[in-house]
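Asks: One structure is given below, represented as structure tokens, and several questions about it will come after.
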Amino acid sequence: MSDRPWNDEEDIIRQTPEPVSSSRYTPFQQEFLRYLGISVLIFIVGCVGGVLSSQADPAFGESLVKLFKEMITNDIMSDAPPLLALQLFLNNLESCVLLFLGGAILGVVTLLVLSFNGIVIGGILEVVRGKTDIVVMFASIVPHGIFELPAVLVSSTLGLMLGRAVMLELAGQGDASAQAYVLGRLFIRYVVPFIAIAACIEAFITPAVLGMVA
């Protein structure tokens, strides 16, 4: 695997491997997949930690539910669907931007935020699982979650790649600003539409689905 820096979008979209490499993936694709795997692993570990913590101490799970309601849902869930979709979009955008730009601090903030998100989601799911029918729980999560979760994981992946780019520049081996520009374009192109779709589904479609299964 090549360790040379990628600095332009040609590295991203090129599908033909470099002659010197036996891999069918470009350097960017290899790096993206590597950090995507790390992001998925960290998120899963966080979720499992949240579930186990809630099982060991139900008060912990309840505190996560209360925190989530206070920070996210209390002030917006009663809004009309269009306003609700906007508020959900802005909340998720803020979280994803933090995951992405947090990578500039050598990836530390990205790792912490992703871990925390995993713990919160795992803890809340454990609490909800004990109080809600499994069909209702899935109906409330899956429709928008299939877009929101990939957005979170891609944001984290781009953040970790940004952290690596900063480390390479500090070592005199890359141009972090050029790579940040490429990563930022990918964030706008892929993450922003996904969280917009997720917000619209959660505001307009999820309530209807819940009405059919609750």
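No value in this document is a laboratory result; all are computed from the given coordinates. Everything numeric in this text was worked out from a predicted model, so none of it was measured. Neighbour counts are summed over all protein chains in view; Cβ atoms, including those assigned to glycine, are modelled from backbone coordinates with ideal geometry.
Asks: At 20 °C and 1.002 mPa s, grab the translational diffusion coefficient of the range 29-132 from Stokes-Einstein with a Kirkwood Rh over Cα pairs, rounded to a whole number in µm² per second.
Replies: It diffuses with D of about 143 µm²/s by this estimate.
Asks: Whole-Hz ³J(HN,Hα) for each residue in the range 80-86, computed from phi via Karplus 6.51 cos²θ - 1.76 cosθ + 1.60 with θ = phi - 60°, x for glycine and proline: what do you get?
Replies: 4, x, x, 5, 4, 4, 5
Asks: OK, next. Taking the Cα-to-Cβ direction at Glu94 and at Ala59 and moving 7 Å from each Cα, how far apart do the two end points lie in nm?
Replies: Distance between the two pseudo-spin positions: 2.9 nm.
Asks: Just the number, please: Stokes-Einstein D of the chain in µm²/s, Kirkwood Rh from C-alpha pairs, 10 °C, 1.306 mPa s.
Replies: D = 85 µm²/s.
Asks: On a 0 to 90 degree scale, rounded to 10, what angle separates helix 27-56 from the longest Cα axis of the chain?
Replies: Between helix and principal axis, roughly 30 degrees.
Asks: Counting each DSSP H run of 4 or more residues in the chain as -39500 (n - 2.57), what helix-only mean residue ellipticity at 222 nm follows after dividing by all residues, to the nearest 500 deg cm²/dmol?
Replies: When only DSSP H runs of four or more count, the value is -24500 deg cm²/dmol.
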